[in-house]
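The structure appears below as C-alpha cells.
The values are calculated or read from the model by the stated rules, or taken from the named source; none is laboratory data. In this text, all values refer to a predicted model and were calculated from it rather than measured experimentally. Cβ placement follows ideal geometry from the backbone for every residue including glycine, while neighbour counts extend to all protein chains displayed. Surface areas here come from the heavy atoms of the whole protein model, side chains and all, with no ligands, DNA or RNA. Shrake-Rupley method; radii C 1.70, N 1.55, O 1.52, S 1.80 Å.
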Amino acid sequence: MLKIVFTLLIFIVSCSSSFEPGVVAIINGNKIYLEDLEKKYDFTHLEYADNFSTLNKIKDEYKKELLNLFFYELVKEELKNKNMLVTKEEVKKEEEKIRSDYPPGEFEKILVEEYIDIDSWRDFLRMKLTIDKFINIIVKPKIKIDIKELEAYYKKNIEDFYIGEMVKFVSFYSLDKDKLINIKNKKISIEEVKKVYPGVIVKEYNLPLNQIPQFWLDLIKPTSEDSFSNIKNDKKGFYLLFIEKKESPRYLKPIEAYPIIERNIIQQKINNFLQDWFIDKLKESDIKISSVLIKEK
C-alpha cells in the first residue's frame, strides 16, 4: 500500500520550501508539524534501537509516518463531518481502563523508562481511538461476508487450524507474595479474589502451549489440571497460576474455526477498503509537503 500511495503523492502534491517554521506538511488546511512527525516516529520505533540507520533510511521512515498522519487527519475529517469525533471523556475512560492493568505507580514508571511524556501518550491514544471508531462505526457496516467464503477459506487453509496442546489458566499478579500464598492455600475463587484483594491483578487465558512465555511454562508444566502452580517472582512482583484445563493437539472443527476465519476475512476486507478509501481521499485533498521530505534522494 505504501508504495502505491507514495507513487500517487508524486502526482497530486505540491512541494514547498516556504512553510512557517516547524511545519512539514499541510493537508486540507490542517498543519502537520515536524514535532508531530518526530513524536510519531519515536513512538513507532520504541521497541528497537537501530544505531546504524542512515539518513536516507530515516527519511523513508518519516515519509511512512507522514502518510500515517495524513490518514489520521482524513479520518478525523470524516468523523467531524458526522459529528463523531472522539471526546475527552472517551480518551479518559480508555486511559483509566489501561491504567487498571498496572499496579499503582507502575504505569507512570514505564512511561518515564521509555522517555514518553503523558501528553504525547494521550495524543497517540486519541489517534488510536479515532481510527478504531472510524473502522467500527463507518467501515465495518459496509463489510459483507457469506458462508461460501468461510467454507472456501477453511478448505484452503486447513493447516492453519491445527492447534497444539492448549492450556486454560488464570494468572494472579501481586506485589505482595503473602496475598498469593493465602489465595493458594485457601483455594479462593476468582470472584472472591477480586472482592477481597482488589490490588491483585487477575487475568484469564486460553493459549496454545507454544505461545506461552517460558516464565509461565515453568509454572504450567509441572502443575496438573484444577490446581495452583508454585509462586514465582519476576523481579517486579509475584505470579501465581491456576491451571483449569490442558487439551491435547487437534484440528479445529469448521464450526470452531469459522469465528477465526470470519475475523481474518473481515480484516482483509477492511484493509482493502481502507486502502481504496485513503487513495480516493488523497486524490480529493489539497496537499502540500516540505520539499525536504518529498524530494528524492
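Each other residue within a Cβ distance under 11 Å of Ser229 adds +1 if Lys or Arg and -1 if Asp or Glu, for a net charge of +2. A crude spin-label estimate for the pair Asp123 and Leu209, with each label 7 Å from Cα along the Cβ direction, gives 4.8 nm.
Taking a virtual spin label 7 Å from the Cα of Tyr251 along the C-beta vector, which residues in the stretch 144-178 bring their backbone nitrogen under 16 Å of it? The answer is 151-164. Just report the Cα centroid separation between the stretch 169-209 and the stretch 219-297, whole Å. Cα centres, the stretch 169-209 to the stretch 219-297: 25 Å. Projected over every direction and averaged, the convex hull enclosing the alpha-carbon atoms of the chain yields 20.3 nm².
Relative contact order (percent) for the chain, with alpha-carbon contacts under 8 angstrom and 6 or more residues of separation? Could the numbers behind the result be given before it?
Values: 294 pairs, mean separation 87.4, N = 297.
In percent, rounded to a whole number, it is 29.
Compared with the dominant Cα axis of the chain, that is its longest principal axis, helix 88-99 is turned about 40°.
Would you work out the charge dipole size for the stretch 176-297 about its Cα centre, treating the Cβ of every Lys and Arg as +1 and the Cβ of every Asp and Glu as -1, and quote it to the nearest 20 debye?
380
On the accessible surface of the chain, probed at 1.4 Å, how many percent belong to carbon and sulfur atoms?
Details: 9760 of 18670 Å².
Result for the chain: 52 percent of the exposed heavy-atom area is carbon or sulfur.
The slack in the chain from Glu113 to Lys235, taken as 0.36 nm per residue of separation less the alpha-carbon distance, amounts to 42.3 nm. Counting only DSSP beta bridges with both residues in the chain, the antiparallel share comes to about 90 percent. When nucleic acids and ligands are ignored and a 1.4 Å probe is applied, Phe273 ends up with an accessible area of around 60 Å². What's the local net charge at Trp216, with K and R +1, D and E -1, over the other residues with C-beta under 12 Å away? Local net charge: +1.
Using a probe of 1.4 Å, the accessible surface attributed to Leu207 totals some 40 Å² when neighbouring protein chains are kept in position.
Since only Val196, Ile145, Phe228 are under comparison, the one whose Cα sits farthest along the positive direction of the charge dipole of the chain, derived from C-beta charges on Lys, Arg, Asp and Glu, is Ile145. Structure note, pairs Lys92/Lys288; Lys245/Lys269; Lys140/Lys232; Lys63/Lys140: Cα-Cα distances above 31 angstrom occur for Lys92/Lys288; Lys245/Lys269; Lys140/Lys232. About its Cα centre, the dipole of the stretch 204-275 is roughly 240 debye, where the only charges are +1 on Lys and Arg Cβ and -1 on Asp and Glu Cβ.
Lys245 sits among other residues whose Cβ lies under 12 Å from its own Cβ, and their net charge, with Lys and Arg +1 and Asp and Glu -1, is -4. Karplus-derived 3J(HN,Hα) values for the stretch 251-257, using 6.51 cos²θ - 1.76 cosθ + 1.60 with θ = phi - 60°, are 8, 5, 6, x, 5, 7, 7 Hz; glycine and proline are entered as x. Excluding residues on the same chain fewer than 8 positions from Lys80, give the lysines whose Cα lies under 17 Å from its Cα. Reachable lysines: Lys31, Lys88, Lys128, Lys133, Lys281. Distance between the modelled labels on Leu85 and Val196, one decimal in nanometres: 5.0 nm (7 Å Cα→Cβ projection). Relative to the first principal axis of the alpha-carbon coordinates of the chain, what is the inclination of helix 2-12, with its axis defined by its Cα atoms, in degrees from 0 to 90 and to the nearest 10? Between helix and principal axis, roughly 20 degrees.
Against the main long axis of the alpha-carbon atoms of the chain, helix 55-81 sits at an angle near 90°.
Rolling a 1.4 angstrom probe over the protein heavy atoms, how many square angstrom per residue are accessible across the chain? Please report the intermediate quantities before stating the final value.
Values: 18670 Å² over 297 residues.
Per-residue value: 63 Å².
Shape summary of the stretch 148-297, radius of gyration then Dmax from alpha carbon positions: 23.5, 68 Å.
The charge dipole of the chain, taken about its Cα centre with unit charges on the Cβ atoms of Lys, Arg (+1), Asp and Glu (-1) only, comes to about 520 debye. Grab the beta carbon distance between Phe43 and Lys92, set R0 = 30 Å, and tell me the FRET efficiency rounded to 0.05. FRET efficiency, Phe43 to Lys92: 0.90.
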